[in-house]
Amino acid sequence: MQGSNHTEELLLAQLATGGREATEQVYKQHYPTITKWIMHNGGTDADAADIYQEAIVILYEKSQDEAFRLSCRIGTYLFAISKHLWYKKANKMQQGPISLPDEDRQEWAYEDDISAHKEREQYYAQLNAALEQIGEPCQSLLKAFYHQDKTMQEIATGFGYTNTDNAKTQKYKCLARLRKIFYAAQVKQ
């Protein structure tokens, strides 16, 4: 069992770095089981693919957190996340609550992971919407600094500012505008 724990830790570490082979291995090992379970519980092959993809994204995001320690096997974690996501989706598709089998009536330890993932997804969607509203050149300037990791010197040269101080001032103004738009949208909700 010690060897298999080491293999699971290695696989999780490879997933954290975006390793394609690790992702393919996880898909091959666990996708059929989860697909079969979802289809057995009223879902389609497309439902299973969507649910499994979301579970993989949650696992990937958790693997990025250095404090995250998997207390079970990867397959068990993915299965629990997938079951929970399926129950939530099935509940939304039906008008009333679905009845869960007795073994699934426990509180899901993974609900926090899913909630955090959904909140982060919503936050980034709102941030992207605010970024779209801010317009040019602010949108390009902020993307160059935060997404493309360009230095202030590169930004000053690329955007035609006379020096890095002017570029920093413009970045500060753009960031202030972005915050204003973003938080105004937050208040409206």
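The values are calculated or read from the model by the stated rules, or taken from the named source; none is laboratory data. Note that the structure is predicted; figures quoted are calculated from it, not measured. Cβ placement follows ideal geometry from the backbone for every residue including glycine, while neighbour counts extend to all protein chains displayed.
Data overview
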quantity	calculated
Hits in the stretch 13-31 - residues which are assigned to a helix (DSSP H, G or I), polar (S, T, N, Q) and modelled with pLDDT under 85	Gln14, Thr23
Residue match in the stretch 33-48 (condition: touching a residue at least 60 places away in the same chain (Cβ under 8 Å) and in a helix (DSSP H, G or I))	no
Whichever residue in the stretch 58-82 is under 16 Å from Gln29 (Cα atoms) and touching a residue at least 60 places away in the same chain (Cβ under 8 Å) and, among such residues, is surrounded by the most Cβ atoms within 10 Å (Cβ to Cβ)	Ile74
